[in-house]
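Everything below concerns the one structure shown next.
The values are calculated or read from the model by the stated rules, or taken from the named source; none is laboratory data. Predicted model only: the values in this text are computed from it and were never measured. Because the Cβ atoms are built from the backbone with ideal geometry, glycine has one as well, and the counts that use them run over all protein chains shown. Surface accessibility is based on the protein's heavy atoms, side chains included, excluding ligands, DNA and RNA. Shrake-Rupley method; radii C 1.70, N 1.55, O 1.52, S 1.80 Å.
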Amino acid sequence: MPDVSEPLSALAEEIRAAAWDLAVEVVDEGLREDAVPSLQRLGQVGQLGDMPTFIVELSKELAEPQPARLRRGGPLAGLVRDHARERESLGFAPREIVTELLVLRRVLWRFVSSRAHDLTGSEVLEAERRLNDSLDVLVAECVVAYFDRATAELADQARRDPLTELLNHAAFGVGVEEELDRARRYERGLTLVYVDVDAFKSINDELGHLEGDRVLRRVAALLTESLRGSDLAGRLGGDEFAVCLIESDLETGGRFLARLHDLVDEEAASGRLPEGFTLSAGLASYPHDAVSSDALFRLADERLYEAKRAKASG
């Protein structure tokens with residue numbers, strides 16, 4: 001193939017210089033006949049988004065193709081992923097994001113066609129190939145970004161209790177196993193805390209199940225507020241919760257429970273929890289009390305019910 005570097009570099013420079021006008025043309029075409037309906041809800045800056053930057057980066061690829069620029073993690077591929085995530089956050093459907101890039105392809109090709117009289121047939125074909133190859137990668141990156149996010153969200157949802165958004169029983173158990181392995185490896189402590197709502201059945205019976213659900217969500221929020229970012233919290237089922245305190249001991253667990261009980265008292269006093277609302281809890285610590293997750297779970301459960309029996313008998 002004849003050397004096309006100089007003519008295509010000149011064409012690329014024209015595209016770079018016209019980047020803003022070309023981006024506006026993409027928006028206008030996207031608005032026309034509602035090709036990208038969500039553009040209607042944005043101001044001009046929002047409508048343009050990263051389009052001028054895309055066009056400048058594509059002009060570089062037209063002048064001098066560099067696989068690293070488009071490779072996943074490369075500057076252009078990273079830019080289009082960020083653009084896709086930003087568009088999604090603004091309510092764009094995945095189809096609209098892809099359509100926007102297809103409109104960009106048409107606008108760029110019209111621009112190249114308008115300059116075809118200054119190019120040879122082989123130069124036009126090479127310009128088309130470079131632009132098409134680059135835009136194909138961008139479209140693929142948009143689709144991959146969408147499916148990556150959707151898959152991650154689905155995976156996270158599968159690990160969450162739908163009512164409280166804490167880890168569900170299975171995911172919490174897996175998390176404790178992982179943290180226990182880490183504690184053994186680095187010779188650190190770990191504390192498991194079981195928490196149970198006292199007289200929860202009476203809340204449901206007297207105040208209704210909607211109020212019962214609200215109370216469980218509030219307890220979950222209080223647990224989360226009481227934890228460090230590295231700690232784990234889960235709903236084991238019904239009105240039973242569990243917390244895994246990383247790099248901790250029984251004394252740390254005691255301080256955690258004191259803080260939690262204070263928060264519960266404040267919530268009950270303010271009316272955000274039912275009057276007289278209380279929790280019971282049981283603690284078990286690695287390696288002081290047990291060295292396996294099964295033993296920790298069993299001991300924390302036993303101590304929880306000892307605390308409940310003590311309240312009932314007192």
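What the table below lists for this structure:
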quantity: Those helices (runs of 4 or more DSSP H) lying entirely in segment 1-61 with at least 3 residues within 28 Å of the chain's Cα centre (by Cα); calculated: 44-48
quantity: Matching residues, segment 297-307, being touching an Asp or Glu at 6+ places or on another chain (Cβ under 7 Å) and either farther than 18 Å from residue 261 by Cα or open to solvent by 50 Å² or more (accessible area, probe 1.4 Å) (or both); calculated: 299
quantity: Of the criteria (1) open to solvent by less than 60 Å² (accessible area, probe 1.4 Å); (2) within 17 Å of the chain's Cα centre (by Cα); (3) farther than 30 Å from residue 68 by Cβ, which one residue 164 fails; calculated: (2)
quantity: Pairs with Cβ under 8 Å, 6+ apart, first in segment 274-293 and farther than 30 Å from residue 204 by Cβ, second among the aromatic types (Phe, Trp, Tyr) and open to solvent by 10 Å² or more (accessible area, probe 1.4 Å); calculated: none
quantity: Residue in segment 186-201 that is open to solvent by 80 Å² or more (accessible area, probe 1.4 Å) and under 28 Å from residue 265 (Cβ atoms) present; calculated: yes
quantity: Candidate set: segment 195-210, residues that are touching a residue at least 12 places away in the same chain (Cβ under 8 Å) and in a helix (DSSP H, G or I); chosen: the one farthest from residue 304 (Cα to Cα); calculated: 207
quantity: Residue that is most open to solvent (accessible area, probe 1.4 Å), among those in segment 250-261 that are under 28 Å from residue 203 (Cα atoms) and touching a residue at least 40 places away in the same chain (Cβ under 8 Å); calculated: 257
quantity: So residue 23, is it surrounded by 19 or more Cβ atoms within 10 Å (Cβ to Cβ) and either touching a strand residue (DSSP E or B) at 6+ places or on another chain (Cβ under 6 Å) or free of Cβ contacts under 8 Å to residues at least 40 places away in the same chain (or both); calculated: yes
quantity: Candidate set from segment 131-161 (those that are of a type in the set (S, T, N, Q) and open to solvent by 80 Å² or more (accessible area, probe 1.4 Å)); member that is farthest from residue 218 (Cα to Cα); calculated: 151
quantity: Filter result for the condition that a residue is over 26 Å from residue 174 (Cβ atoms) and open to solvent by less than 10 Å² (accessible area, probe 1.4 Å), over 219, 264; calculated: 264
quantity: Out of 34, 28, sole residue that is at positive phi and of a type in the set (D, E, K, R); calculated: 34
quantity: Residue 182 being open to solvent by 50 Å² or more (accessible area, probe 1.4 Å), basic (Lys, Arg) and either more than 30 Å from the chain's Cα centre (by Cα) or modelled with pLDDT of 90 or more (or both); calculated: yes
